[in-house]
Amino acid sequence: MVASGEVWKLLQVQNGTPPSTNYNGVDAVHACNILQQLKALYDEAQLTDIVVEVDHGKTFSCHRNVLAAISPYFSKYYEV
C-alpha cells in the first residue's frame, strides 16, 4: 500500500491541485485512503453484497453502497 504522503504527491501530479490536503472541506488524503480500502475489500471479495450480471452472463460482485454513490440509477434502485 502507498503511504498517504506519497498518494497526495501522486494526486498533485495527476490533477494539478495546490499543495493542500484540504479541498472544499474534504481531506484528499483521507478520501484517497477510503478509496484504497474499498478497492482492497473489492479485490479480496470482502463485503460485496450484490452481483451485477451483464451481457453474455458475465457477472461482477459489487458493493451496493459504492454503486449507489456513483450512479443515480443504482441510488434510486436501492432506496428503501
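Need the full-extension length gain, Tyr78 to Asp49, defined as separation in residues times 0.36 nm minus the C-alpha distance. One decimal, nm. Don't skip to the answer; put the middle values down first.
Values: separation 29, 0.36 × 29 = 10.44 nm, distance 1.20 nm.
Extra length from Tyr78 to Asp49 when fully extended: 9.2 nm.
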Checklist entry - Measuring from label point to label point, each 7 Å out along Cα→Cβ, what is the Ala69 to Val26 span in nm? => result 1.0
Item to check | Packing-based exposure ordering (other Cβ within 10 Å, fewest first) of Asp27, Asp49, Asp55 | outcome: Asp55, Asp49, Asp27
Checklist entry - Each residue of segment 75-80 in order: what ³J(HN,Hα) in whole Hz does its phi give by Karplus 6.51 cos²θ - 1.76 cosθ + 1.60, θ = phi - 60°, with x for Gly and Pro? => result 4, 5, 4, 8, 4, 9
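Every number in this text was worked out from the coordinates using simple rules, so none of it is lab data. It should be emphasised that the depicted structure is a prediction, and the values quoted were computed from it without experimental measurement. Every residue, glycine as well, gets a Cβ built from its backbone with ideal geometry; the counts of neighbours run over all protein chains shown.
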